[in-house]
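The values are calculated or read from the model by the stated rules, or taken from the named source; none is laboratory data. Treat the numbers as computed from the prediction; the structure is a model and nothing was measured. Methodologically, a virtual Cβ is constructed for each residue, glycine included, from the backbone with ideal geometry; neighbour enumeration extends over all protein chains shown. All accessible areas refer to the heavy atoms of the entire protein, side chains included, with ligands and DNA or RNA removed. Shrake-Rupley method; radii C 1.70, N 1.55, O 1.52, S 1.80 Å.
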Amino acid sequence: MQALYMIIGRNALFLYERDGAEYNRLFIEGNPEFRYQNNSVRKDIEDMLKSVMEEYNLDSGSDHCSEIAFTVVANADAVVTKDAVETLGEYLSQIYKLDSLIPDIIKELYADEKLLIKEYGVNFDGINYRMVNGTLQKAEYDLLGYTLQEDALIRHIG
């Protein structure tokens, strides 16, 4: 079975495959991300699935669900996440909530005091995240916050 990893970003899907301890970004149709529109998430994810099937040479008559499985990092937007999860259906093997991954990442980044994580937090997907008294707080994007990239986020799952 081919295990793939997906981050549902704001307006884009980021796909990865695991090679030992490393996660390698997949380039689908030559792009490092698969763009989607909020008003057509389901159709866009179906198109992405078709592209992945073609990339891995899975023929349309086979039982794809037994050949490919996605581990997903959910979007901060619950509606987009719900549509994506429902569209993936049987292809979905596991889902991680973004809010469960961010605190560990923030704690890890505290080690580098020059980043000023305690003061300004981290930005991901247009939202600023900070740990305040042990609780994750969300706010608008902060220009002084550390911007977390997808490649750093994916390393913190399973």
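General remarks:
- Computed with a 1.4 Å probe over protein heavy atoms only, the accessible area of F124 comes to about 10 Å².
- Theoretical FRET efficiency, 1/(1+(r/R0)^6), r = Cβ-Cβ of E55 and R25, R0 22 Å, to 0.05: 0.95
- Computed on protein heavy atoms with a 1.4 Å probe, the accessible areas place E46, E90 in the order E90, E46, largest first.
- With DNA, RNA and ligands ignored, accessible area of Y120 (1.4 Å probe; Å², nearest 10): 70
- The listed residues R42, R155 rank as R155, R42 when sorted by accessible area, largest first, using a 1.4 Å probe.
- Lysine pair number, Cα distance threshold 20 Å (strictly under), the chain, separation 8 or more or different chains: 8
- The chain, accessible area per residue, ligands and nucleic acids excluded (1.4 Å, Å²): 56
- Label assignment, Cα Rg over 2.2 N^0.38 Å derived from the structure, set [x] 1.10; [y] 1.31; [z] 1.37: [x]
- Residues in the range 71-101 that a label on N38 would reach, taking backbone N under 18 Å of a point 7 Å out along Cα→Cβ: 74-85
- Computed [θ] at 222 nm, helices only, for the chain once each DSSP H run of length n ≥ 4 contributes -39500 (n - 2.57): -8500 deg cm²/dmol
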